[in-house]
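*Asks:* A single structure is presented below for examination.
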Amino acid sequence: MNNYLQSLLSDQPLENSAGETPQFLWREVCPGGLELIPREGKLSQGLMISAGIHGNETAPVEILNELLDDLFSGSLHLSRPLLLIFGNLPALQAGSRFTGYDLNRLFSASGEQVADCYETARVKELEAVSRDFRQRFGE
């Protein structure tokens, strides 16, 4: 895989939603969410990294994409399960902080008073993906 961020920004789905490298197995667990599981190393103490919850904060998103490119190229070694999340895809595409509601304000049931929209659905999706990852590879 090369430049996952570009596929997200151009709204082009991956050719494959799962695959493997000599170092790890990977799968897209949701749009903008990649799970990487090492073939060797610890299968506990997984690490989750998210960026792009606010779409106009691009430096962390670019760093996350570089990290991903380095893992896929083999120049960086993966030693434990990793979940990478690119958060607010429409806001990233628009280059704005948010497009409807501030995604960051909706986590941990804070969005229950907000009408159903992309952001409330996205928070539920990200919380479910994170919960699943923690249950399998948690502390």
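The values are calculated or read from the model by the stated rules, or taken from the named source; none is laboratory data. Only a predicted model underlies this, so the values are computations on that prediction, with no experimental measurement involved. Cβ coordinates were reconstructed from backbone atoms using ideal geometry, including for glycine residues, and neighbour counts include every protein chain displayed. Surface areas here come from the heavy atoms of the whole protein model, side chains and all, with no ligands, DNA or RNA. Shrake-Rupley method; radii C 1.70, N 1.55, O 1.52, S 1.80 Å.
*Asks:* Enter the angle in degrees (range 0 to 90, nearest 10) between the Cα long axis of helix 118-137 and the first principal axis of the Cα atoms of the chain, meaning the one along which they spread out most.
*Replies:* On a 0 to 90 degree scale, this one is about 30.
*Asks:* Per residue and in cubic angstrom, what volume does the convex hull of the Cα atoms of the stretch 76-139 have? Show your work: numbers first, answer last.
*Replies:* Numbers: hull volume 6.4 nm³, N = 64.
Once divided by residue count, the hull of the stretch 76-139 is 100 Å³.
*Asks:* Okay, moving on. So what does log10 I(q)/I(0) come out to for the stretch 39-109 at q = 0.28 Å⁻¹, using the Debye formula with one equal point on every Cα and no solvent?
*Replies:* -1.19
*Asks:* By how many degrees, 0 to 90 and rounded to 10, does the Cα axis of helix 58-73 deviate from the longest principal axis of the chain?
*Replies:* Once rounded, the angle reads 20 degrees.
*Asks:* Related question: Calculated from the structure, P(r) over Cα pairs in 5 Å bins from 0, in percent equals which of (1) 2, 9, 14, 16, 18, 16, 13, 7, 3, 1, 0; (2) 2, 9, 16, 21, 18, 14, 9, 6, 4, 1, 0; (3) 2, 10, 19, 22, 21, 14, 8, 3, 1, 0?
*Replies:* (3)
*Asks:* What is the distance in Å between the Cα centroid of the stretch 112-139 and that of the stretch 28-69?
*Replies:* With the stretch 112-139 and the stretch 28-69 each reduced to a Cα centre, they are spaced 15 Å.
*Asks:* Find how much the distance from Arg39 to Ile63 grows on full extension, using 0.36 nm per residue of separation minus their present alpha carbon separation; answer in nm with one decimal. Let's see the in-between values first.
*Replies:* Values: separation 24, 0.36 × 24 = 8.64 nm, distance 2.40 nm.
Stretched out fully, the Arg39 to Ile63 stretch lengthens by 6.2 nm.
*Asks:* Continuing with the same structure: Leaving out ligands and nucleic acids, and using a 1.4 Å probe, what accessible area per residue does the chain come to in Å²?
*Replies:* Values: 7740 Å² over 139 residues.
With the other protein chains kept in place, the chain gives 56 Å² per residue.
*Asks:* Starting from the 7 Å offset along Cα-to-Cβ, what nm value, one decimal, do you get for the label separation of Ser73 and Ser96?
*Replies:* 3.5 nm
*Asks:* For the stretch 1-118, which whole percent of the accessible surface, found with a 1.4 angstrom probe, sits on carbon and sulfur atoms?
*Replies:* Values: 3170 of 6550 Å².
It is 48 percent, rounded to a whole number.
*Asks:* Another question, if that's okay. Taking the chain as a Gaussian network, Cα atoms linked when under 10 Å apart, which of Gln93, Gln12, Gln23 shows the biggest mean-square fluctuation?
*Replies:* Gln12
*Asks:* How far, in nm, would the chain grow between Leu47 and Asn104 when pulled straight, counting 0.36 nm per residue and subtracting the alpha carbon separation? Write down the numbers at each step before the final one.
*Replies:* Values: separation 57, 0.36 × 57 = 20.52 nm, distance 1.98 nm.
Gain in length upon complete extension: 18.5 nm.
*Asks:* Which is farthest toward the positive dipole end of the chain among Leu14, Leu106, Ser73, measuring Cα position about the Cα centre, with Cβ charges +1 (Lys, Arg) and -1 (Asp, Glu)?
*Replies:* Value computed over the given set: Leu106.
*Asks:* What residues have an amide H closer than 5 Å to that of Ser50, excluding those fewer than 5 places away on the same chain, when H is modeled at 1.01 Å from N in the peptide plane?
*Replies:* Ile85
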